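Structure record follows, encoded as structure tokens.
The values are calculated or read from the model by the stated rules, or taken from the named source; none is laboratory data. Keep in mind that what you see is a predicted model, and the values were worked out from it rather than measured. No Cβ is skipped: glycine too gets one built from the backbone with ideal geometry, and neighbour counts run over all protein chains shown.
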Amino acid sequence: MNASLAARSLRSVWHPCTQMKLHEAQPPIAIAHASGPWLHDVDGRRYLDGISSWWVNLFGHSHPHIQAALADQLERLDHVMLAGFTHAPVVELSERLAALTGLGHAFYGSDGASATEIALKMSAHFWRNSGRPAKNRFIGLAGGYHGETVGALAVTDIAIFREAYAPLVRLAATVPSPDARGARLGESAFEVARRSAAALQAWLAEHHEETAALIVEPLVQCAAGMAMHDPEYLRLARALCDRYEVHLVVDEIATGFGRTGTMFAHQQAGIRPDLICLSKGLTGGTLPLSAVLTTDAVYEAFYDDQLARGFLHSHSYTGNPLACRAALATLEIFEQQDVLARNAVLARALDEAFAPLTSHPRVRHARHLGMIWAWDVETALPDFASRYHRHALAHGLLLRPIGRTIYAMPPYVLDAEAVQCLAQGALAALEATLAEETPAS
Ligand SMILES: *Cc1c(COP(=O)(O)O)cnc(C)c1O
């Protein structure tokens, strides 16, 4: 049955982020159902979801509280357009997100990339409404990832995603990443942050008149391979953005909702952004939803008698009641279960279980923050990631390295068995992959 579903999928579905021809050798795995951290395929095999299904799942699959909220919502109101109408789930969710972020007036999209588009358009339009239309360019960090629609690609500095579409994109400026792995001899992560901030300052000093916003992934640039930086960078970036009158947009699409140990990563720097982008974990990994929240100052620049000064952006499903209810149920779990404290305990257990991988002789830059672990592997295998992915699957694990970086970003609901399965499988898959290196002759 798996074979036939996989074959039909290859005939009818264009799979994302995939060279379809590679599927000739490795057909997609047909998943029949999922619960907790486990995915079950149609042939009865199970896989531990070590990367939370592309970083969206927080509390495991088929969570009963989210399911019940969705079933209840489905009986009341499936969807209504949000222009000219409103409903309880979108109002309650917006109120809660405002309380959590200290920002307001949540604007909704469906994906992370649309949140990026919304934030960039909002920032540039703010400056236009403020009589400074020249401030319409953006700054991103080297290796930054903010989605793959044409507008978002302007600030996504990952060659494989951008190269083919370069002629379509109005490139943002790219400033050095504070990635702590870039430390020079004897340099600390804190010092790398200061050095990178100095480069940002140099750029802003020259170009602030044309710059609307700086967009950053706070503390962890996930798609760059879990590149981590010191919170000092965010503090300095905040101060520079204030000084040069540039918005600071924090993209918490991957880092939000407890992933880095605090509800939002930027909170570890004690700063407040001008705009925040949320998605991925927002609905606990059940339905697509994204949101951008901003300051009153930004909001008020659009509040006017003139239609054209308003933010005339829209998506058909903006503020979808089902997705908002799933998000509300997700936030209820955070409140009721003291998730951040429980995660700290789980993270210690995982960190201990990962010790043999962390101290593996071929691992460099082992790093950990909250519920994210990453290990760079020294290997000459050009296709290390896909080989490792296959070996991990053979050990009942979903792990998908980025280049030569293995990472784990599991749901927050691993029991002792799952912890061992993840840690032992990750190590075994590494050994199996390295065994495929051809010995130097
Ligand atoms: C995944 C991601 C996005 C894009 O979200 P999509 O829903 O895939 O469009 C944007 N920014 C960051 C930091 C992400 O990790």
Exercise for the section: Return a yes/no flag: does region 300-307 have any residue that is in the same structural domain as Asp111 (by TED's automatic domain parsing), among the charged types (D, E, K, R) and surrounded by 19 or more Cβ atoms within 10 Å (Cβ to Cβ). Expected result: no
Exercise for the section: Check region 189-200 and report whether any residue there is surrounded by 16 or more Cβ atoms within 10 Å (Cβ to Cβ), hydroxyl-bearing (Ser, Thr, Tyr), in a helix (DSSP H, G or I) and touching a Pro at 6+ places or on another chain (Cβ under 9 Å). Expected result: yes
Exercise for the section: Would you check if there is a residue in region 245-254 being within 27 Å of Ala199 (Cβ to Cβ), in contact (Cβ under 8 Å) with a residue 24 or more places away in the chain and touching a Phe, Trp or Tyr at 6+ places or on another chain (Cβ under 6 Å)? Expected result: yes
Practice task
Name the residue, out of Asp43, Asp111, Asp78, Asp72, that is in contact (Cβ under 8 Å) with a residue 24 or more places away in the chain and not assigned by TED's automatic domain parsing to the domain that holds Thr295.
Solution key: Asp43
Exercise for the section: For residues that are within 21 Å of Ala374 (Cα to Cα), more than 16 Å from the ligand (Cβ to nearest atom) and of a type in the set (Gly, Ala, Ser), tally how many sit in region 36-59. Expected result: 1
Exercise for the section: Taking Thr358 as meeting all but one of (1) touching a strand residue (DSSP E or B) at 6+ places or on another chain (Cβ under 8 Å); (2) within 16 Å of the ligand (Cβ to nearest atom), write down the number of the exception. Expected result: (2)
Problem - helices (runs of 4 or more DSSP H) (entirely within region 326-411) containing at least 2 residues that are of a type in the set (Val, Ile, Thr) - result: 339-353
Practice task
Take region 167-182 and flag every residue that is under 25 Å from Thr405 (Cβ atoms) and either part of a helix (DSSP H, G or I) or of a type outside the set (A, V, I, L, M) (or both).
Solution key: Thr174, Pro176, Ser177, Pro178, Asp179, Ala180, Arg181, Gly182
Problem - Count - residues of region 151-169 that are in contact with a helix residue (DSSP H, G or I) (Cβ under 8 Å, 6 or more places away or on another chain) and either modelled with pLDDT under 95 or not β-branched (Val, Ile, Thr) (or both) - result: 8
Handout entry: Conditions (1) over 18 Å from Ile402 (Cβ atoms); (2) within 16 Å of the ligand (Cβ to nearest atom); (3) part of a helix (DSSP H, G or I); (4) not acidic (Asp, Glu): number failed by Ala164
Key = (2)
Exercise for the section: For region 240-256, name all the residues that are more than 12 Å from the ligand (Cβ to nearest atom), buried (at least 24 other Cβ atoms within 10 Å of the Cβ) and assigned to a loop (DSSP other than H, G, I, E, B). Expected result: Val246
